[in-house]
Each structure stands twice: as structure tokens, then as C-alpha cells.
1. Run the simple label-point estimate for E213 and A76 please: 7 Å along Cα→C-beta, distance reported in nm.
2. Have a look at the range 319-402 and give its Rg and Dmax from the Cα atoms, expressed in angstrom.
3. From the phi of every residue in the range 342-347, what ³J(HN,Hα) in whole Hz does the Karplus formula 6.51 cos²θ - 1.76 cosθ + 1.60 yield, where θ is phi - 60° and glycine or proline is x?
4. Rule-of-thumb check for the range 131-212: C-alpha Rg over 2.2 N^0.38 Å?
5. Residue by residue through the range 497-502, what is 3J(HN,Hα) from phi via Karplus (6.51 cos²θ - 1.76 cosθ + 1.60, θ = phi - 60°)? Round to whole Hz and write x for glycine and proline.
6. Test of understanding: ordering K125, K154 by Cβ neighbours within 10 Å, fewest first, what list do you get?
7. Once the Cβ-Cβ distance between M575 and K660 is put in as r, and R0 is 56 Å, what FRET efficiency do you end up with, to the nearest 0.05?
8. How big is the dipole moment of the range 220-312 about its Cα centre under a simple scheme where the beta carbon of each Lys and Arg is +1, that of each Asp and Glu is -1, and everything else is neutral? Debye, nearest 20, please.
Amino acid sequence: MNGKSTVKSLIALTMAGAMVFSMNTMPVSAAKKKTKAKSTVKSVKVVAPSGSKKSATVAKGKSIKLAVTVNATKKAYKKVTYKVSNKKVISVSKKGVVKGKKAGTATVKVISAKNKKKTASIKIKVVSGAVKKVKLNKSNLALNVGDSGKLSVKVTASKKAYKTLKWTTSNKKVATVTSKGVVKGIGKGTAKITAASLDGTGKKSTCTVTVREKQVVNGIKSLEVYNPLKSYSSSTLKVTLDSPQALTADDFKVETKSYGEGSYMGTVSVDDIYTTDNQTYEVYLVSDDIYNGRYVRVTVNALNGQKTAEVRFLVDPDTVRQVHTAKVGDDEQSFSVDNDAMGTSRSVIKTGTLPAGYKLINEPYDSARVRGIPSAVADNQHVVFTTTDEIGRDTTTDVNFLIGDGDHIVVENQTIGDQVSGMIYAKDSFYKNLYFAGGNGKITAEILNTYDGIFKIDDTYSDSVGITVADSNKLAAGTYDIPVRITDNNGKTGQGTLKVIVTTSAKIVTKVNNNSPDGTIYFYNHNSNEEFSLRSIEKESKYSGSVGNTTLTSTGYLPHGTYSVYYRMCGRKIMLNKSLNVSGDTNLEFTLPTTKITGTIYDVNNKKYENSVDVCMYRSNDLDTRYYSVSDYTSDGTYSFQGVPDGQYVLVVSGQKDGKYFETTSGTITVSGGNATMDVKLPVANPANPQQ
């Protein structure tokens, strides 16, 4: 083969190879184009705010948003359209917002814009009622990691409302919550738990949950103003710890303020504490400084966990009962129904109908008032009002309208003793005005059944009659229906009934050696947060023994419950029995200290001061505040205090001379198992003519 032939052969081979390569590579590219994935819509899903895929509920006039998910290969293919089965019941926007127009049921169909065959449907129910308020029982909750707590919720709604709520957490790594409000601590930190309405009203309530590590041994778990009788002030706090720890009264610091944005500038002294398990403490304050609406902060530095807790005291009162009396043709009547509302409030009629001529007016910058001119007789016509104040608190007022005229006397039907704020106990007494309206001239009143002389009429006024207990020793537990008849000058009559519910009490016989500085033994009821004195419950008493060795035996009656028994010295409680269970008749016997502090009062010339002075004895650590003292008024130059327990005391002696006030303070008096003496020298001389 020559050179030219070789070159031709090589060229031929090269061209052949190129053709083969070309033929082999082109089909591969074409194959790739044929196997490329086709864009499709796989599914459409729709979910209600509650998480349901089947149905949702919305209040008339409110809106909810549906959550739509389209599983598609391209973003552009995720567009949907909406179709409504009944446009008179609901409407739906392009963004899936459903609005309730009319009570009823309709279906929303979600359709893929790319593939009309891919759809999802959800049934929508429109209800005529709506949720008005959602309120959790706590605004703050402290948990350890791994521990759980239960939140309860109150839903206020109109009739036929959808009250189901959705529970959510702001941070699942800190706390979780179930559909029943059970909160579990997951990790250290803070999360907000929200209970929200699902009917489109947007009503919700939030609780801040603080989750702590397990190594926090002990802290304040909860704080409340103890108020079982639903009073408008309280002097008792209830502090609960995470775990038991022995504390003293000095360990508790209590501060108060009036405004949430303000600073704690008021300090309240702690009188005493009570606990049966070293975990839940009742903290007694020296005065009723905790009023409705005030804030309270408690600090316990002896704890190694949560040392401080804060709470606002808001009374959840019993239904307030009011009576409105008038006579047909009277001038315009006006009264409020916003009992104990905080700030401006709004009221609505919950049940009942206003009498003819009356109407409810919510003043623009004030509270609600009922106004009107009475134009028809109303005989025990009850109207119940619900009032909501600025902080969202609801109170209920039951107004009983008594409207009479010259021919009709209407008399109130009333029940007492059935509310915790107004219990009546056996062997006790009460005074109650029973109201009436109508009639002419002089009015006379008569009890038609006195129950063998237990009850009597005490006073008769122009619009009421005062009924009281004539013989409390006969007043036993039970229910008494006391019929009362009112008669006017023309012989017209009306009749009403006072129903009295009396709760069981126990007979208490107390024997004491009569050395209490103020002569009184106190019984504190832990169940009702009430303090009874021996004198207040006493039905009979007698003294026995010789002079200086007298014994007092007292018979009285107390409600059933758990009591602490004590007397007071310089305002402080001296405990006689920390926990006394009274469930039946009980005999008690106490021996009080017989220790005395005595002394002589001298003038500036070391002569016995024989003029009037006040001698006040304080505990030494109370001298600066001078909250409480035991006092002795003397004009013979001597003083004496008896029944003094061990401790340190100071005397303050004060008086007037020549119209000028003077005062001097003694040294510290230490009482330790025996009598003590302290003489006091005044900065003034005896007057020229001492008082006799």
C-alpha cells in the first residue's frame, strides 16, 4: 500500500467513526426528552381552623379562613377556585375566607385551576349565636420540666353559639397543650398558651407559662387573695410552694399598689401565718389593706426557686340583689346596675323584662342606668343584668321591681342565708328589711307566722319593714318561710315572704382563767376566712373563784369548720390552739399567761405623777410603726398589764400639761417566764392641782 492509499484509508476510517459516533449520540438526547417528568396536580386538600377536613362552624356576620394545600409539580399549578353550594348562607373570597351570612349549612368546593378533576369539599355551618368572651382561670403558670398543669376556661356566649376552642402554644419546645387545656413543661423558657374561639369572633385568652429546670428545689407556685366569702376586701393571702419548707411570718414580705403600671410603694405588715403541711400557707395581714382591684406582691427570700409572686385581687361576687320600689305616677326613677364595676362599664339584660315606662341606658362616658316613670303595677318583677367592666369582668345584678298604686300593695319575696357572702347560722341573729310599694296613708305590718316567737318586726318604714330574731336560742338549722302582711289606712293589703335559710352551728363551751389583756378569745374559721370573738358568739357567761383567781366560763355557738384559737397582745396573735376541728358541740379550756408588767410613773422631780396619762405598751420591734398596743389610762401614778407573754416591750407614756402635749418612752422591758417592772420618768412636773 502506497502513502496516498494509506492517507485515504485513514480519512475514510475517521469519517466512518464520526458517522458512527453521530448515529450513537443523537438517539440518547432524544430519549432524555421523551422521559422528562410531566407537570401535574396530584391532590387538593382543605382544612378548617379547628384542623377538621370535614366541617367548620362560623358565627353569622363573622369570617374564618380555610387552609388549602395543593400537591402539584409546579407552583403555578397550585392556584384554586372556590364554589359555594348556597350563597345565601355563606360567601367565600379568592383567598379562602368564608363569611357567615345566614344561619344554615352550605358546602365549599375547592377546585384546582389546572385540573378541574382535582377537588376537595368542606361543609360550613353558620350559627346565629357568637362567642363574646374567653377567659382562662390563670394568666400565669409556673411548671417544672416534665410537670403538667391544667388550665380551665370560661366561655361567655350568646344562645346557639359554637363554643369549641382551639388551644395553641407559642413554643412547642417550651410547653405543649392538649385540647383539654393540659399544659406540659418541655424545656426551660417561656411560652404563651392561647385558647381561641373558632367561630370567627377572634375571642381569645392567653396564659404565660414559665417552665423551670427540675433542679429548682422550691419556690412560690401560686398566690391568691383568700376570699371565700367574696368580700370586697381581705386581710388573708394564700401562698402555695412547689414543695414543703418551714417558714416563719418574718420570711414573708407583702407589698401592694393600686395601678398595674405603678411601683410597689406600700408595705403591709404580716400578723401571723398558718400551715398544716409547710407547703400551703395562710398569711394574715395586720389590716384589710387588700381591696378589690389592688395588686399584691409577696416575696419570700428564704426560697431558692421562685421568690416573688404577684396577683391582682378581683372579686368574683355573688349575684347582687337590689330592690327598686316606686308608685305608679311617681317622678322619673333612676338607678345604676353596675355593682363594683372597674371603670366604665356596659350592661345588658340577661333575663326578664323591664316594667312599663322603664328602659336601660348605657351612658357614653359612665355606667349603665335604669331610668323611667312607673306607669303600671309590678309585683316582684325580676330583671337580671350582666355588666362587663373595663377589664373584662362580668358581674350579675338581680333587680326586683316592686311598683304599687293606691289600690295595690306589692310586698317583696326575698331569700336570705343562701349565699356564701350572707350565711346565717343556728343560734345567730339577723336584721333584714323586707320592702313593699303602694297603698295610702299609715302602714301597719304583721308577721303571720313567727315560728313560736322566733321572729319579730323591729321597725316599720314608708317602704320597708325590719324583721329580726326575737329569740336566737330558738333559731335552729333549717328553712323558715316568714309570711308578712302589709295593710294601709284604707284596709288594702299585700303579702310577701321572707325565706330564711339557717345553717348548722355547734355549741362551744370555753373555760379560761380570764387573763386575756382585752378579755377576748378569738376563733378564726379557715374555711370561711372569718374571725369570731368569744364575746360576739356568747349567749351566756359566768365567773367563778376568788378575787385574783377568777375563771370565766362562756357558752356560745360557731359554724362548723377548722379554727385557730388565740388572743391578742399588742395586736399580735398568741396561739392557744392552732388547728381545732369543730364538727359538733365542743368543750374548751385554756390557761393564759398570768405574767404582769407593773411600774410607777414619776414626774421630773422624781415624785409620783398623780395626773391623767395614757400608758401604751408596744412590742419593741413595733415601736416605729406603732400599729398596735395595749393601753392603760391612769391618774394615780401606777400602771399594770397582765397576761403578757414572753417577749420584749416598750412603754410610751403621754399626756397634756398646761395645754401642751408631752410624751416619753421607756427602756426595753424583757419578759421571760416571770413578772417584770419598769418605772417611767416624765419630762414634766406634777401640776399644782392634780386631777382627783
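Only the coordinates and a few stated rules stand behind these numbers; no lab work does. None of these values were measured; they are calculated from a predicted model. So basically every Cβ, Gly included, is an ideal-geometry build from the backbone, and we count neighbours across all protein chains shown.
1. Placing both labels 7 Å along Cα→Cβ, they lie 5.5 nm apart.
2. Rg and Dmax of the range 319-402, Cα atoms, are 12.5, 39 Å.
3. Result, rounded to whole Hz: 8, x, 5, 9, 10, 10.
4. Output field value: 1.09.
5. Per-residue couplings from phi come out as 9, 9, 8, 10, 9, 10 Hz.
6. With the fewest neighbours first, K125, K154 line up as K154, K125.
7. Details: r = 43 Å, r/R0 = 0.76.
Given R0 = 56 Å and the Cβ-Cβ separation, E is 0.85.
8. Approximately 300 debye in magnitude.
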